[in-house]
1. Whose amide H sits under 5 Å from the amide H of His42, counting only residues 5 or more places off or on another chain, with H placed in the peptide plane?
2. Show me, for segment 14-22, the HN-Hα J-couplings you get by feeding each phi into the Karplus relation (A = 6.51, B = -1.76, C = 1.60, θ = phi - 60°), rounded to Hz, glycine and proline as x.
3. Based only on Cα atoms, what Rg/Rh ratio does segment 43-86 have, Rh being taken as Kirkwood's radius?
Amino acid sequence: MFTSIKTEEAIKESHKVLIVEDNETILDYVKKVLATCSESIHVVEARNGIEGYKQFKAEEPDLIFMDIVMPESDGYQATAMIRQEDQTVPIIALTAKALQGEKEECGTCPSDPPRG
């Protein structure tokens, strides 16, 4: 896997994206897609909601991709904690939940409304 090394100065000028995802395959896929969008994206990773919240506080990302079903703390809980501190950072749900009721449940989470 190709990984670019960025200096602290380059990271400051880049956009930080936090990916909160416990599935390694999906995490790698999202990182590859982001890499095709821009070289100025600095990816921060977390494997569960608690770790995601800690990374959010430490890194102050510009965008968050949030899995819904994760161990320890799910995406709903992590999003609620993040929204208590920041109402503006975009949060995009990553989920295999595809039924209409589940889509509506994601819409009741205090993240951005579902699209599609």
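1. Those qualifying (amide H under 5 Å, at least 5 residues apart or on another chain) are His15, Lys16, Val17.
2. Each residue's phi maps through the Karplus curve to give 8, 8, 8, 10, 9, 10, 10, 7, 8 Hz.
3. The Rg/Rh ratio comes out at 0.90.
Throughout, read-outs are computed from the coordinates displayed, never taken from laboratory work. Predicted model only: the values in this text are computed from it and were never measured.
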